[in-house]
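Asks: Here it is, the structure, as structure tokens.
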Amino acid sequence: MDAGLIAPVVIAAALVIRTAIAELRAPGTTRATWAFTHDPAAVAAGITVTGVAALSGGGWPSLAWGLLAGALTGHLVHQARHRRR
């Protein structure tokens with residue numbers, strides 16, 4: 001495995017484990033955590049960030065960081081849009 005892939009994979013695994021632990025403590029929290037995947041604006045923002053990072057020319061590590069950054073951006077956009085209501 002390329003050394004540049006280790007950090008984003010570990011961070012993604014930590015986020016998945018955190019989601020699983022939260023689900024065990026309070027059932028239904030996973031649905032709320034991953035609700036950004038059904039928000040068109042959040043998905044568009046995530047895809048944009050992923051595309052920009054992936055096209056930066058770093059190979060697989062830039063794609064892995066792009067996917068992580070895109071998911072986090074989508075989550076933040078979703079939170080920002082739904083806290084104003």
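The values are calculated or read from the model by the stated rules, or taken from the named source; none is laboratory data. Treat the numbers as computed from the prediction; the structure is a model and nothing was measured. Cβ: placed from backbone, ideal geometry, glycine included. Neighbour counts: every protein chain shown.
Asks: Would you call residue 73 at pLDDT 90 or above and touching an Asp or Glu at 6+ places or on another chain (Cβ under 6 Å)?
Replies: Values: at pLDDT 90 or above: yes; touching an Asp or Glu at 6+ places or on another chain (Cβ under 6 Å): no.
In short, no.
Asks: May I ask you to list pairs of residues, at least six apart or on different chains, whose Cβ atoms are under 9 Å apart, with the first in the stretch 8-24 being closer than 18 Å to residue 63 by Cα and modelled with pLDDT under 95 and the second being surrounded by fewer than 10 Cβ atoms within 10 Å (Cβ to Cβ) and not aromatic (Phe, Trp, Tyr)?
Replies: 9/1
Asks: If we scan the stretch 36-52, do we find a residue that is among the aromatic types (Phe, Trp, Tyr) and touching a Pro at 6+ places or on another chain (Cβ under 8 Å)? Lay out the reasoning, then the answer.
Replies: Of the residues in the stretch 36-52, the ones among the aromatic types (Phe, Trp, Tyr) are 36.
From the residues that got through so far, the ones that are touching a Pro at 6+ places or on another chain (Cβ under 8 Å) too are none.
No, there is no match, as no residue in the stretch 36-52 is among the aromatic types (Phe, Trp, Tyr) and touching a Pro at 6+ places or on another chain (Cβ under 8 Å).
Asks: List, please: which pairs have Cβ atoms under 7 Å, are six or more places apart or on different chains, and start with a residue in the stretch 42-62 that is more than 15 Å from residue 73 (Cα to Cα) and end with one that is of a type in the set (Val, Ile, Thr) and in a loop (DSSP other than H, G, I, E, B)?
Replies: From residues that are more than 15 Å from residue 73 (Cα to Cα), there are no pairs.
Asks: Still on this structure, I have one more. Take the residues of the stretch 10-22 that are surrounded by 13 or more Cβ atoms within 10 Å (Cβ to Cβ) and more than 11 Å from the chain's Cα centre (by Cα): which is nearest to residue 65 (Cα to Cα)? Explain how you work it out, then say what you get.
Replies: Here is the first cut: in the stretch 10-22, the ones surrounded by 13 or more Cβ atoms within 10 Å (Cβ to Cβ) are 11-12, 15, 19, 22.
Then keep just the ones that are more than 11 Å from the chain's Cα centre (by Cα); that gives 19, 22.
Numbers: 19: 19, 22: 24 Å.
Only one residue fits best here, namely 19.
Asks: From the list 70, 46, 59, pick out the single residue that is within 21 Å of residue 2 (Cβ to Cβ) and surrounded by 14 or more Cβ atoms within 10 Å (Cβ to Cβ).
Replies: Unique residue meeting the criteria: 70.
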